[in-house]
Amino acid sequence: MNLLDLKTDGLRKINSTLQNAVPDSAGAEWLIMNPMGQHAIACGLNAELSVTVDGNAGFYCAGMNQQADVTIKGHAGVGVAENMMSGRVRVTGNASQSAGATGHGGLLIIEGDASSRCGISMKGIDIVVGGSVGHMSGFMAQVGHMVICGDAGDALGDSIYEAILYVAGEVESLGADCIEKPMTAEHEKTLAELLARAGMEKDVKSFRRYGSARKLYNFDVDHAGEY
Amino acid sequence: MLTNPWPYRRQRSGYAGSPNPLKPTRRTSRVNGHTIMDENIPRVVPRQSATFDAYTMSEIRRAASTGIYDIRGGGAKRPLPHFDDLLFLGASISRYPLEGYRERCGTDVTLGARHASKPLELKIPITIAGMSFGSLSGQAKEALGRGANAAGTSTTTGDGGMTAEEREHSRLLVYQYLPSRYGMNPDDLRKADAIEVVVGQGAKPGGGGMLMGQKINDRVASMRSLPKGIDQRSACRHPDWTGPDDLEIKILELREITNWEKPIYIKVGGARPYYDTALAVKAGADVIVVDGMQGGTAATQNVFIEHVGLPTLACIGPAVQALQDLDMHRKVQLIVSGGIRNGADVAKAMALGADAVSIGTAALIAMGDNDPHYENEYNKLGTTAGAYDAWHLGHDPAGITTQEPELAERLNPETAGRRLSNYLQVMTLEAQTIARACGKNHLHNLEPEDLCALTVEAAAMAGVPLAGTSWVPGRTPL
């Protein structure tokens, strides 16, 4: 296990070390102590490392992650795993706004609650939230899956494209062009896989599926009220 | 024009058809119960309304017909106070000029030395502005790269992400970081020479990108992770930061991902340039790009282009003032864009304090956009050379703002690239000519004292005196 200490090493040294680390020679396991809610911790990683942030992280923790497996043992600030390309990020506590924003791939797991705009503009990332999400979650979500075991706030999936949302709890309201859709065996299978990858147990039958009504894809004056 | 010019009069003659409205009638008339004895009643000349002019009326009809706002490309077309309202004073007894050719006039500029370990060194202070692959064809993007390379300057990606062709052909490439984040990835971020965080652009300060379904072909759709053929609208705000304090943190993240090597630009549309510049400096920018309302777009609502923003001329002074107030002028560079057309515009922008300018529309025109050569095809599209702006529909006869393969093939990237570098060369030579005339051995040495204004508006906006006076409206007493 490689130890890094944000208090003594500083952000640049920690990120630089991790961004250049070769798992075979340097070892794959890394522990970052004293994160102190600092920003941009473990961002820009691009190797099959296993990194644990031992405490609360600030904004953009694991931003643009590639291949690495990052665990935050605490809460994460705005934009955790933003624009992730691949790999896995797990938050044991809660996540602030815009969790997984614009993510292209990989898996983001939030064991607690996520805040507003969870999965905003997602472009292929998969997100599994053990708790609830705030308002405008799944806003302009293009591709990928988001699983919400708890409740969803206002305007879920507003202006959604082809991403698929699964919600087990209450949805406060749906956003523009987002509708409930039937759950097929195919969807239940996908959902089961996502929950398994996230290490969460929940009955797939308790979820409902939401997606795009596709009425806003090409302008039609009769839908002008949706704009 | 009324077919019966005398609605109160009953027809007596029984002749068929309407009388010529401009020809005076030659008989006595009874109007409203009165008999008019003089037969020659001249018509007034038909008069169009300045308020409801032909364009305005045609737009009302179009709106009534479609139920949607008018979308087009380009920047503000209406007349605005601009660089043409300023003049250089040149040499006189108290200022002597430099010899053309023999006495050097430098044109180089370094962008981004504030924080970045690898700032951009440009040979000329004219860059190519962000234009997306998607709005432009692949050939056009390649041509821009070739031309910029030959001239020793940079190009900029747009809302569609970085294409391999552009990275290959452009020696210096600025990678835009937009609200949409289409195609954004850390590998391209690291391949870029600079990163431009786009807050907004002059054509639509507060609007996001727009690409209509016709131009979302397989390749574009795949780069943007969108279904093919839909009308795509980019977000107008960034998804994971909003104000300047969060922007500061976002810039920290971008620097951490790219090893603090690359200059970070912040681009804003002209709106509150003094405050935006100050906040951008505070957020940690290396370079600030301010884009006036003459700046073009691939597609947005006409109402947005024409009625929101600031003329470029009104943006420069406040931005420079903010830099000077923070003691950051020349330490954080200012790039000005929006209607830069010739070497005089370049020189004037720099005299007002810009470190460099950026061109978009002008670059496309240099490569053949709106060329009268295609007049027949413009007519078939219902327009004419110079006025063609329906770029969002993707039928560009010049092959530039299109994704249709047969049209895009018309643009030869090598030839078009050469045209662009020729044009950049001319602009540079023109700016040098002016600078030498003002006695300056580097374009950066041009100063506001070299300028005067032809109109009160331009004098006020640019902060230079009205020609022949020492009056700067709003700053000096009459």
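Taken together, the values in this text are just the output of simple stated rules run on the coordinates, not laboratory data. Predicted model, so just to flag it, every value in this text is computed and none were measured. Cβ coordinates were reconstructed from backbone atoms using ideal geometry, including for glycine residues, and neighbour counts include every protein chain displayed.
Before moving on, here are some points about what is shown:
- Segment A:27-37 - phi-based ³J(HN,Hα) in whole Hz, Karplus 6.51/-1.76/1.60, Gly and Pro as x: x, 8, 9, 9, 10, 9, 8, 6, x, 6, x
- Rounded, prolate or oblate (a/c below 1.5 giving rounded, otherwise prolate when a/b exceeds b/c) for segment B:218-341 by Cα gyration tensor: oblate
- Loop-resident GluC sites (Glu not before Pro) (DSSP state other than H, G, I, E or B) in segment A:158-213 with no more than 14 further Cβ atoms inside 10 Å of their Cβ: A:Glu170, A:Glu172, A:Glu201.
- For A:Ala68, the amide hydrogen comes within under 5 Å of the amide hydrogens of A:Ala47, A:Leu49, A:Arg88, counting only partners 5 or more places away or on other chains and with H modelled in the peptide plane.
- Proxy reagent accessibility, fewest Cβ within 10 Å first, across A:His39, B:His373, B:His82: B:His373, B:His82, A:His39
- Amide H within-cut-off set for B:Trp471, under 5 Å, with H built and near neighbours excluded: B:Leu466
- Taking other residues whose beta carbon is less than 11 angstrom from the beta carbon of A:Met122, and scoring Lys, Arg as +1 and Asp, Glu as -1, yields 0.
- Cβ-based net charge around B:Glu414, under 12 Å, with every Lys or Arg adding one and every Asp or Glu removing one: +2
- Per-residue Karplus couplings for segment B:419-433, computed as 6.51 cos²θ - 1.76 cosθ + 1.60 with θ equal to phi - 60°, are listed in order as 4, 5, 5, 4, 4, 4, 4, 4, 4, 5, 4, 4, 5, 5, 4 Hz, Gly and Pro entered as x.
- Between the amide H of B:Ile126 and those of B:Val357, distances stay under 5 Å, these residues lying 5 or more places away or on another chain, with hydrogens modeled in the peptide plane.
- Table column - 3J(HN,Hα) (Hz), segment B:388-393, Karplus curve with 6.51, -1.76, 1.60, x for Gly and Pro: 5, 9, 7, 5, 5, 7
- 52 Å tail of the calculated P(r), the protein assembly as shown, as % of Cα pairs: 21 percent
- Overall form of segment B:382-429: oblate. Here a/c, set by the Cα gyration tensor axes a ≥ b ≥ c, is 1.5 or more, and a/b is not larger than b/c.
- Taking chain B and dividing mean pair separation by its residue count, relative contact order in percent (alpha carbons under 8 Å, at least six apart): 20 percent
- Segment B:47-89 shape via C-alpha gyration tensor axes, a/c threshold 1.5: oblate
- Stretch gain in nm, segment B:Gln48-B:Lys228, where the contour uses 0.36 nm per residue and the Cα spacing is subtracted: 60.3 nm
- Straight-distance candidates among the lysines for linking to B:Lys440, with alpha-carbon spacing under 28 Å and chain neighbours fewer than 8 residues away dropped: B:Lys123, B:Lys331, B:Lys348.
- Placing R0 at 35 angstrom, the Cβ-Cβ distance between A:Asn218 and A:Lys189 gives a FRET efficiency of 0.65 after rounding to 0.05.
- Cα-based reach from A:Lys7 at 18 Å (exclusive), listing lysines while leaving out same-chain residues under 8 positions away: A:Lys73
- Mean Cα-pair separation over length for segment B:70-201, i.e. relative contact order, pairs under 8 Å, 6 or more apart, %: 16 percent
- Helix-only arithmetic for chain A: the sum of -39500 (n - 2.57) across DSSP H runs with n ≥ 4, divided by the residue total, places the mean residue ellipticity at 222 nm at -4000 deg cm²/dmol.
- Sorted by Cβ neighbour density within 10 Å, fewest at the top, the residues B:Thr277, B:Thr66: B:Thr66, B:Thr277
- Cβ-based exposure ranking for B:Met350, B:Met184, in which fewest neighbours within 10 Å come first: B:Met184, B:Met350
- Within straight-line reach of B:Lys228, meaning a Cα separation under 16 Å, sit the following lysines at least 8 residues removed in sequence or on another chain: A:Lys123, A:Lys215, B:Lys215.
- With helices as the sole contributors, chain B gives -9000 deg cm²/dmol at 222 nm; each DSSP H run of n ≥ 4 counts as -39500 (n - 2.57), and the sum is divided by every residue.
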